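As structure tokens, the structure follows; a few thoughts come after it.
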Amino acid sequence: MLFYHGGLTVPSMAELDATTWTTMNVTPSGMSTTTLALMAELAVFSASLYFQYQHEQEAFCQFVGFCPRPRTEAQQEYFEQGTIHENGYVENAVRPKVDARLSRSTFVADPAQLITRLTETRHCPSLADSHVGRIIIKGLKPLSEPCD
């Protein structure tokens, strides 16, 4: 499905494939890890509210440094120790211990307020019930199959 926005026709995340970007790392879905990382950045800064696939959600969480529920047993222990914030944000220094994939995030402070302001500016106050809102406000993955 193509989205029409401001005179531009833009492919949806699902339509982009590994040939769209030059990379050697390809996920089982056919999208490259580089593509997913770029799409996560675009999702944040374009104030996207929803994900079509779980791997898009995971890329978003990795980009913003969040480890929302459901969590592994080890991650739940970190949460109970206070290493993972209530909303799922993980401090930069402890990301490798919680989940090595979170080390991809370059945020040094919780980006929830930034994401909230970007989405409210674009969509008014419709953030709370969206996929992104459930992650950054409620600390809960809306597409919830436990990850490895």
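Below, the figures for the structure above:
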{"read-out": "Residues satisfying the stated conditions in region 54-70, i.e. out of contact with any Cys (no Cβ under 9 Å at 6 or more places or on another chain) and within 15 Å of Leu140 (Cβ to Cβ)", "value": "Gln57, Phe60, Val64, Phe66, Arg69"}
{"read-out": "Filter result (surrounded by 15 or more Cβ atoms within 10 Å (Cβ to Cβ) and part of a loop (DSSP other than H, G, I, E, B)) within region 40-52", "value": "Ala47, Ser48, Leu49, Phe51"}
{"read-out": "Verdict on Gln57 being modelled with pLDDT of 95 or more, surrounded by 16 or more Cβ atoms within 10 Å (Cβ to Cβ), part of a helix (DSSP H, G or I) and of a type in the set (S, T, N, Q)", "value": "no"}
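The values are calculated or read from the model by the stated rules, or taken from the named source; none is laboratory data. Quick caveat, the model's predicted, so the values are computed rather than measured. All Cβ positions, even for glycine, are placed from backbone atoms using ideal geometry, and neighbour counts span all protein chains on display.
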